[in-house]
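I have placed the structure first, in the form of structure tokens, so that the comments after it can refer back to it.
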Amino acid sequence: MLGMMMDTPLLVSAIARFAEKNHGNQEVVSVTYDNPRHRYQYKDAIRRSRQLANALSRLGVQPGDRIATLAWNDHRHLEAYFGVSGSGAVLHTINPRLFAEQIVFIINHASDRYILVDPLVLPLLEKLQDQITGVEGFIILSDEAHMPETSLPGALCYETLLSAETDDYEWPDLDENSASAICYTSGTTGDPKGVVYSHRATILHTYAITMPDVMGLSCRDSVLPIVPMFHVNAWGVPYAAPMVGAKLVMPGAKAGDGETLQDLIETEGVTMSCGVPTVWLALLDYLDQSGKTVSNLNRIVVGGAACPSSIISKFNDQHDVYVHCAWGMTETSPLGVYNTLRSGQENLPAAELAALQLKAGRGIFGIEMKIVDANGKELPWDGVAFGALKVRGSWVASGYFGLDDNSDTHDASGWFGTGDVATIDPDGFMNITDRTKDVIKSGGEWISSIALENIAMGHPQVAEAAVIGIAHSKWTERPLLVIVAREGEPPTRQEMLALFEGRIASWWTPDDVVFVDELPHTATGKVRKATLREQFAAYTLPETSTDG
Ligand code: ADP
């Protein structure tokens, strides 16, 4: 017997239609290339995304065609989220900070037909134009008055294009399993791989992330996604905010600028924000120096990399802002787990609470997870055993664009191997201890580089810390702590090593500490450990290495 319910497809355009009717008067505020504070309302955003859909169709764009963006977080990018995906085309968000050859690779691999480009990114694209000849045209995200000179052939002005169209457009009835967007992994090893989101997965993920134990978003929130819209769809916020009617505040190209962020938070009443650890460190530094406040903010999400404990304590103690850690990846849309406490846990002793709050988080319905040993045997959720993290669920990638064989990443039962190593405690809190390729193998056992980095980051004079494994004749590998010190008196080697005493098993203590001016980073702001390992490939650890 079948259920007798309407088979309404789960489509990105449904959010557009709903937001226009139900939250039409809610504000969308952006910093753009041509306006320090652009503001309008959801009804304008959706009306203009229909005009964009008409413009794309006039250009001959068909359902399934890839339309790329090289853009920051602003209202025009938001319009593309709905105008492109809603019309049945596939939104391909590209990270302008990738290496040039990676950008060329993914544009060609995705067969992008048009690229919507922010004027600030234009010079980058101009340099690459001879290598992306399959692209039919470029749409510059600007009005006529601010159109930059460009050598790009057939460059069109976004605002001119829109103004030639009516907003009379019927969102098509698509198959909910059709592609809505594509995002490439940053390819720290090998070529980037395309993760293809479906409309259905996007809607389910959006429902899930708004739940109270996840982002808990509502129409009373003002949300500032600092995480870029090209970094896994800004973790779903551009869909979630219009779905619930939250005010949306977008920092444009100023996402790394503490002054702009503080100003947006104060003047736009931002209650919730999300970003990777580096942006929070930058904002905290700015708040320290300027003495300014973030009085409206009540919670932030830290994801994309392990959260240093200093972010949690500083936001909590100095600014009364609650920090939620979260874990996810391009392949998981991205949210997989989110850290919210269970009832009573807020009364735990301070040290226990701090350790709990630092974990990546608890499962979200829709995603299953497990940890397994080297033989694929499931490990207990005891908070101690650590193994390879596998996930499966409605918003987890089943494969990659253009790759027929997914056997490297997916097992026979459909579980996706995340490439992360994790523990899961009896309360269901998962914690990432490492990426599989970064874990330090010492004497047949594993040392978590993330745990060591967290402790090192606790020193007030440490700006950034990374721990890598250095080849060792007896122990296979031993940990080396690499530090970028803050301005002023740097900590000593002895001081750094003393930090670990009593906080970890003594054999985990790094064998040496080195100070560098900067660490190599990926395009999403994470420490590029592979490069760091190459830099220190010839490094010899001191003789005093651990005796186990
Ligand atoms: P990339 O592979 O380009 O870095 P993602 O943005 O998809 O792309 O990164 C996902 C990875 O980031 C995860 O597999 C994990 O290693 C790391 N990560 C994400 N969130 C956390 C977290 N809370 N703690 C530790 N690592 C995290």
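No lab work stands behind these numbers, since they all come straight from the coordinates. All figures in this text were calculated on a predicted structure; none of them were measured in a lab. Cβ: placed from backbone, ideal geometry, glycine included. Neighbour counts: every protein chain shown.
If you take the beta carbon distance between E259 and A412 as r and set R0 to 60 Å, what does 1/(1 + (r/R0)^6) give as a FRET efficiency, to the nearest 0.05? Walk me through the numbers on the way to the answer.
On the way: r = 52 Å, r/R0 = 0.87.
The value I calculate is 0.70.
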Practice item. Count the net charge of all other residues whose Cβ sits under 12 Å from the Cβ of F138, scoring Lys and Arg as +1 and Asp and Glu as -1. Key: -3
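Counting other C-beta atoms within 10 Å, and keeping those with at most 16, which DSSP coil trypsin sites (Lys or Arg not before Pro) do you find in segment 480-517?
On the way: sites: R486, R493, R503; in loops: R486, R503.
Filter output for segment 480-517: R486, R503.
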**Study point:** Reachable aspartates and glutamates from K474, criterion Cα separation under 14 angstrom, eight or more residues apart if same chain
**Key:** E445, D511, E543, D547
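So what's Rg/Rh here for segment 438-535, counting alpha carbon atoms and using the Kirkwood radius for Rh? List each step's numbers first, then the result.
On the way: Rg = 12.9 Å, Rh = 13.7 Å.
My calculation puts Rg/Rh at 0.95.
Quick one: compute the contact order of segment 438-535, relative version, from alpha carbon pairs under 8 angstrom and 6+ residues apart, as a percent. List each step's numbers first, then the result.
Details: 167 pairs, mean separation 25.1, N = 98.
This gives 26 percent for segment 438-535.
In what sequence do W235, W508 fall when counting other Cβ within 10 Å, fewest first?
Fewest-to-most ranking of W235, W508: W508, W235.
Neighbour counts of other C-beta atoms within 10 Å: give me C183, C219 arranged from fewest to most.
Working: C183 28, C219 13.
So the ranking, lowest neighbour count to highest, is C219, C183.
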Check your understanding: Rounded to the nearest 0.05, what FRET efficiency do M211 and S111 have when you use their Cβ-Cβ distance and R0 = 30 Å?
Key -> 0.25
Check your understanding: In deg cm²/dmol, rounded to 500, what helix-only [θ] at 222 nm does the chain give when every DSSP H run of at least 4 residues adds -39500 (n - 2.57) and the total is split over its residues?
Key -> -8000 deg cm²/dmol
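Around S111, with a cut-off of 12 angstrom between Cβ atoms, what is the net charge of the other residues, counting Lys and Arg +1 and Asp and Glu -1? Working shown, then result.
On the way: positive: R66, R113; negative: D65, D112, E136.
For residues surrounding S111, the net value is -1.
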Study note, to complete from the structure: Once amide hydrogens are built 1.01 Å from N within the peptide plane, the residues lying 5 or more places from R362 or on another chain with amide H under 5 Å from its amide H are Y338, N339, T340, M430
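Where in the chain are the DSSP H helices whose alpha-carbon span along the long axis reaches 18 Å or more and whose Kyte-Doolittle mean is at least 0.0? Don't skip to the answer; put the middle values down first.
Details: long enough: 42-58 (24 Å, -1.05); 277-290 (20 Å, 0.39).
Counting only whole DSSP H runs, the qualifying helices are 277-290.
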Study note, to complete from the structure: Amide H contacts under 5 Å for E464, restricted to residues at least 5 apart in sequence or on another chain and with H modeled in the peptide plane, are V484
Practice item. Determine, for each peptide in 245-251, 424-430, 136-142, 536-542, the mean count of other beta carbons within 10 angstrom over its residues, then list the peptides with the highest first. Key: 245-251, 136-142, 424-430, 536-542
Check your understanding: Using only the Cα atoms, what convex hull volume per residue in Å³ does the chain have?
Key -> 170
Point to revise | Estimated dipole of segment 438-535 in Debye, rounded to 20 [Cβ of Lys and Arg +1, of Asp and Glu -1, Cα centre] | key: 320
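Students often get this wrong, so check it: of K292/K529; K254/K437; K359/K437; K390/K441, which have C-alpha atoms separated by over 23 Å? Show your work: numbers first, answer last.
On the way: K292/K529 34 Å; K254/K437 33 Å; K359/K437 20 Å; K390/K441 21 Å.
Over 23 Å Cα-Cα: K292/K529; K254/K437.
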Practice item. Would you order F230, F386 from fewest to most other beta-carbon atoms within 10 Å of each residue's own beta-carbon? Key: F386, F230
Practice item. Could you pull out every residue, at least 5 positions away or on a different chain, whose amide H is within less than 5 Å of the one on T93? Hs are placed 1.01 Å off N in the peptide plane, and Pro or chain starts have none. Key: T69, I182
**Study point:** Taking all pairs of distinct alpha-carbon atoms in segment 317-402, Kirkwood radius in angstrom
**Key:** 14.9
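Which order do the peptides 264-270, 73-79 come out in when sorted by mean C-beta neighbours inside 10 angstrom, highest first? Kindly include the intermediate steps, with their values, before the conclusion.
On the way: 264-270: 19.3, 73-79: 25.9.
Those peptides, ordered most packed to least, come out 73-79, 264-270.
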Review point. Sorted by average packing, counted as other Cβ atoms within 10 angstrom per residue and highest first, what order do 435-443, 80-88, 405-413, 276-284 take?
Key: 80-88, 276-284, 435-443, 405-413
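Calculate the FRET efficiency for D288 and A354 from the Cβ-Cβ distance with a Förster distance of 22 Å, rounded to the nearest 0.05. Please report the intermediate quantities before stating the final value.
Working: r = 20 Å, r/R0 = 0.93.
With R0 = 22 Å, the Cβ-Cβ based efficiency is 0.60.
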